[in-house]
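S.K.: Let me begin by handing over the structure; questions about it come next.
Here, each number is a calculation from the coordinates, and none is a lab measurement. Quick caveat, the model's predicted, so the values are computed rather than measured. Every residue, glycine among them, receives a Cβ derived from its backbone with ideal geometry; neighbour counts consider all protein chains shown.
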Amino acid sequence: MPFPPHFAERLTSRHVKRLSRRAKYILADLDSGETLVMHLGMSGRFSVHAMGRELRLGNYVYEPAKAGRDKHDHVIIRTDAPAEIVFNDHRRFGLMLLVDTALLETHPLFEALGPEPLSTGFTAKSLEDSLRGRRTPVKSALLDQHTVAGLGNIYVCEALFYAGISPKRVASSVRAERARALVRAIRSVLRAAIKAGGSSLRDYAQANGALGEFQHRFAVYDREGKPCPRSNCKGKIKRIVQGGRSTFFCPGCQS
DNA sequence: AGGTCAACCTGAGCGC
DNA sequence: TGCGCTCAGGTTGACC
């Protein structure tokens, strides 16, 4: 991961005015007029460690870091909490950028992003509009951040299952009732996953080290050969590859 | 123009 | 024990 020029200097003594998120990017609005843009990629994680004894912030307790550094600790930010925020990313697909806050909306990473799935801007109509004329499979279209922002491979597979839509279906054929079902399914899968603290497969953990729980509730993801969770369906979960990514679905009840 | 695929990295897990 | 292969929560850019 290449870092911005003079990265440390541009962060030193800066205050974070606001922490937010757009699509899969974490945004720290700094008092310097720049925004620190962060992406975890596949394997990135942030962890917060107390500098002295344990640190309590709200409902969270942060333990001091263990002695020694992991070789994939790429960025260590010392705050006056006092705490260390460590960015660890063994595959180095993650990203950190500093962008002029006034130009953030028009930055190439953000200007063409689709709507936030939990916002009022994401509707059956907007989804139908953005899928119109697209000949790619609906699975690939949903992974495309320009269709809807923030969905990854797990949640696309899960949402298509709950909507009863085959991942192989041509995107443009998702209209009317199917588009409504898909919007509902995307929203409910994301809400459930957030409530469960996310999905911990290999790398993902929350900043205090806690693991997510949603991986125990996957209906189809990573369940190849297992029975379909729908009680009235006798199908078995199948794995196929689309656009180079694994897709899991039930051929019996997704069409 | 739009779709597909390799590339970017490291590590874990598997079969032999 | 070790080698070689496949796979992994993502995104971009080159190529048809």
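S.K.: With an 8 Å cut-off on Cα pairs and a minimum separation of 6 or more residues, tell me the relative contact order of chain A in percent.
M.R.: After rounding, I find 16 percent.
S.K.: Let me ask something additional. If one takes the longest principal axis of the Cα atoms in chain A, at what angle in degrees, from 0 to 90 and to the nearest 10, does the Cα axis of helix A:153-163 lie?
M.R.: Roughly 40 degrees between the two axes.
S.K.: Taking springs between alpha-carbon atoms closer than 10 angstrom, which of A:ASN232, A:ASN88, A:ASN153 fluctuates most in the Gaussian network model of chain A?
M.R.: Most flexible of the set in this elastic network: A:ASN232.
S.K.: Evaluate the distance, in nm, between pseudo-label points positioned 7 Å from the Cα of A:ARG10 and of A:PHE93 along their respective Cα→Cβ axes.
M.R.: 2.5
S.K.: Same structure again: Work out, step by step, the length gained on full extension between A:ASP222 and A:LEU201: first 0.36 nm times the residue separation, then minus their alpha carbon distance; give nm to one decimal. Intermediate results must be reported in sequence, preceding the final value.
M.R.: On the way: separation 21, 0.36 × 21 = 7.56 nm, distance 1.00 nm.
Gain on stretching A:ASP222 to A:LEU201: 6.6 nm.
S.K.: Can you pull out the GluC sites (Glu not before Pro) in the range A:1-66 that DSSP calls coil and that have at most 13 other Cβ atoms within 10 Å?
M.R.: Taking the range A:1-66 and a limit of 13 other Cβ atoms within 10 Å, the loop GluC sites (Glu not before Pro) found are A:GLU54.
S.K.: Take the residue pairs A:LYS168/A:LYS234; A:LYS24/A:LYS234; A:LYS195/A:LYS226; A:LYS17/A:LYS195; A:LYS168/A:LYS226 and return only those whose Cα atoms are more than 30 Å apart.
M.R.: In this structure, A:LYS24/A:LYS234 exceed 30 Å between Cα atoms.
S.K.: Right, something else. Can you give the calculated 222 nm mean residue ellipticity of chain A, where each DSSP H run of n ≥ 4 adds -39,500 (n - 2.57) and the sum is split over every residue, rounded to the nearest 500 deg cm²/dmol?
M.R.: Taken over chain A, the calculation gives -6000 deg cm²/dmol.
S.K.: To the nearest 0.05, how large is the calculated FRET efficiency for A:SER246 and A:HIS107 if R₀ is 45 Å and r is the Cβ-Cβ distance?
M.R.: After rounding, the FRET efficiency stands at 0.90.
S.K.: So which trypsin sites (Lys or Arg not before Pro) in the range A:73-162 are both in a DSSP loop and have at most 12 other Cβ atoms within 10 Å of their Cβ?
M.R.: Passing sites in the range A:73-162 are A:ARG91, A:ARG132, A:ARG135.
S.K.: Going highest first, how would you order A:70-76, A:189-195 by mean Cβ packing within 10 Å?
M.R.: Ranking the peptides A:70-76, A:189-195 by packing returns A:189-195, A:70-76.
S.K.: List the chymotrypsin sites (Phe, Trp or Tyr not before Pro) in the range A:26-126 that DSSP assigns to loop (not H, G, I, E or B) and whose Cβ has at most 13 other Cβ atoms within 10 Å. Which are they?
M.R.: Those that pass, being in a loop and sparsely packed, are A:PHE93.
S.K.: Still on this structure: Looking only at A:PRO82, A:PRO117, A:PRO227, which one moves most when chain A is put into a Gaussian network model with springs between Cα atoms under 10 Å?
M.R.: With Cα springs under 10 Å in chain A, the top fluctuation among A:PRO82, A:PRO117, A:PRO227 is at A:PRO82.
S.K.: For A:GLU54 and A:ALA176, what is the calculated FRET efficiency with R₀ set at 41 Å and r taken between the beta-carbons, to the nearest 0.05?
M.R.: Approximately 0.15, to the nearest 0.05.
S.K.: Relative to the longest principal axis of the C-alpha atoms of chain A, give the angle of the C-alpha long axis of helix A:176-195, reported between 0 and 90° and rounded to the nearest 10°.
M.R.: 40
S.K.: Sticking with this one: To the nearest whole percent, what portion of all C-alpha pairs in the range A:124-249 is separated by more than 27 angstrom?
M.R.: 17
S.K.: In whole Å, what are the extents of the range A:49-145 along the principal axes defined by its C-alpha atoms, from largest to smallest?
M.R.: Dimensions of the range A:49-145 along the principal axes of its Cα atoms: 57, 30, 30 Å.
S.K.: Could you calculate, for the range A:7-106, the ratio of the Cα radius of gyration to the Kirkwood radius, expressed as Rg to Rh?
M.R.: 0.97
S.K.: Would you mind telling me which residue in A:ALA219, A:ALA196, A:ALA102 has the biggest mean-square fluctuation in a Gaussian network model of chain A, where springs connect alpha carbons within a distance under 10 angstrom?
M.R.: Result: A:ALA102 has the largest fluctuation of those listed.
S.K.: Given the C-alpha atoms of chain A, compute the convex hull and give its volume per residue in Å³.
M.R.: Hull volume normalised by residue count: 149 Å³.
S.K.: Could you tell me the distance between the Cα centroids of the range A:87-133 and the range A:178-239, to the nearest Å?
M.R.: Between the Cα centres of the range A:87-133 and the range A:178-239 lies a distance of 22 Å.
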